[in-house]
Amino acid sequence: MAKPTNPRRRRVTRELENLPNLFDSVEIDMTRHDIAGPALQRATAREEEARRERNARAADAGSVDISENALRRAEAVRFISFGSGSSGNCAYIGTRRGGLLIDAGVDAKTVTEQLNKNGIDIATIAGIVLTHDHSDHVRFAYTLLRANRHLQLFCTPRTLSGLLRRHSISRRIKDYHKPIYKEIPFEAGGFTVTAFETSHDGSDNMGFAIDRGPHHFVVATDTGFITDRANHYLRLATCAMIETDYDLGMLQANPVYPEYLKARIAGRTGHMCNDDTAAYLAALLAEKDAETGRRHSPLTHIFLCHLSEENNTPDTALRAVRRALEQAGLTVGDATGSPVSRSADIQLAALPRYTPSPLHVFR
């Protein structure tokens with residue numbers, strides 16, 4: 001029987017002719033890390049550092065100043081209205097990572113269902129911003145907050161006080177309150193939000209400038225006229241949600257409304273009518289630079305909101321605003337995203353009173 005070989009005593013042999021002689025010229029691939037090892041890595045690092053320094057000197061010589069924000073592609077902003085009018089107001093603005101609800105006058109079930117339908121997780125929403133304390137803007141605030149404990153309620157202390165005084169809402173809503181103040185920006189849901197003064201008969205009334213990157217979304221609803229501060233933010237807006245509550249002729253001819261109610265609606269602390277909003281927007285968009293001929297306003301989308309069921313119709317409001325814009329020399333699209341619509345100067349839509357709007361995406 002053959003004796004087993006001890007593996008420890010096995011020797012690896014090489015053919016002598018395969019080995020280089022002492023004075024042979026031997027080429028070594030110094031890019032091989034198993035040969036060059038740390039020395040190559042250090043040399044490569046030094047070369048990379050030198051390259052960065054050369055580039056930096058070249059940039060300084062050419063006065064190159066590149067913003068990191070400019071290199072990043074702007075994130076798309078999404079907008080949905082769940083209902084707009086005296087029956088209930090609530091809208092969503094956000095990105096895929098965060099967002100906000102604007103008012104809370106639409107039932108929580110509808111809001112949640114429509115968010116899910118559009119692939120939006122309510123867990124990404126930071127909270128609710130309130131324009132004022134009237135019922136059609138706050139009715140379902142506590143229901144939404146209680147069902148989604150992560151949400152915060154962004155409003156001024158006076159708005160919260162009026163909400164508790166005017167309505168039968170649990171005082172526990174104060175646990176969700178995050179005080180805000182007009183003209184003092186705050187961060188929420190990935191946006192910079194600034195509240196500004198509007199003219200209405202709530203306890204404390206405000207619109208909102210909601211900004212992210214190049215997107216400036218301005219909410220100006222429930223106001224008897226465009227205040228100086230509303231005008232300031234609307235002049236910067238790329239998208240505007242602006243009130244066209246009533247048609248003056250329909251309001252005056254309404255046989256049901258008493259005269260005091262008509263006066264309240266048409267007053268300085270009431271609502272905006274179609275013609276006043278149309279005239280303001282036409283004047284805003286008609287302003288042009290004397291040298292370039294380009295219009296000053298960056299506005300691309302207009303959403304007409306808070307239309308009265310009794311004293312207005314979507315067609316009436318759209319017709320009034322479209323006519324004014326066209327007389328100012330603008331072409332008007334219908335905000336559907338069709339090729340014909342996209343070629344227009346401005347996109348115009350009326351937000352539905354009782355039903356959700358389509359999902360609008362701004363890139």
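The values are calculated or read from the model by the stated rules, or taken from the named source; none is laboratory data. The structure displayed is predicted, hence computed values, not measured ones. When we count neighbours, we look across all protein chains shown, and the Cβ atoms used for this are built from the backbone with ideal geometry, even at glycine. Protein only, heavy atoms only, side chains kept; ligands, DNA and RNA dropped before computing areas. Shrake-Rupley method; radii C 1.70, N 1.55, O 1.52, S 1.80 Å.
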How would you order 353-359, 245-251 from highest to lowest mean count of nearby Cβ atoms within 10 Å? 245-251, 353-359
Looking at the square roots a ≥ b ≥ c of the eigenvalues of the Cα gyration tensor of region 93-206, which shape do they give, rounded for a/c under 1.5, prolate if a/b is larger than b/c, or oblate? oblate
Can you give me the C-alpha center-to-center distance between region 213-279 and region 288-334, rounded to a whole angstrom? 13 Å
DSSP beta bridges in region 176-283: the antiparallel percent, rounded to 5, is 75 percent
Full-extension gain between Asn254 and Glu187, please, as 0.36 nm times their residue separation minus the C-alpha to C-alpha distance. 19.8 nm
Taking the Cα of Ser168, stepping 7 Å toward and past its beta carbon, and measuring to each backbone N in region 113-143: which are under 19 Å? 134-143
Calc'd 3J(HN,Hα), region 76-85, phi into Karplus 6.51 cos²θ - 1.76 cosθ + 1.60 (θ = phi - 60°), Hz, glycine/Pro = x, comes to 5, 10, 10, 9, 9, 9, 8, x, 8, x
Residues with amide H under 5 Å of Lys178's amide H, sequence separation 5 or more or different chain, H placed in the peptide plane at 1.01 Å from N; which? Leu153, Phe154, Cys155
Sort Glu113, Glu243, Glu291 by heavy-atom solvent-accessible area, probe 1.4 angstrom, most to least. Glu291, Glu113, Glu243
Report the local net charge at Val193: Lys and Arg +1, Asp and Glu -1, summed over other residues whose C-beta lies under 9 Å from its C-beta. -2
Check which residues have an amide H placed less than 5 Å from Thr300's amide H, if you skip close sequence neighbours. Cys239
Sketch the reach of a paramagnetic label on Arg268 as a point 7 Å from Cα along Cα-to-Cβ, and name the residues of region 189-225 whose backbone nitrogen lies under 20 Å away. 196-207, 221-225
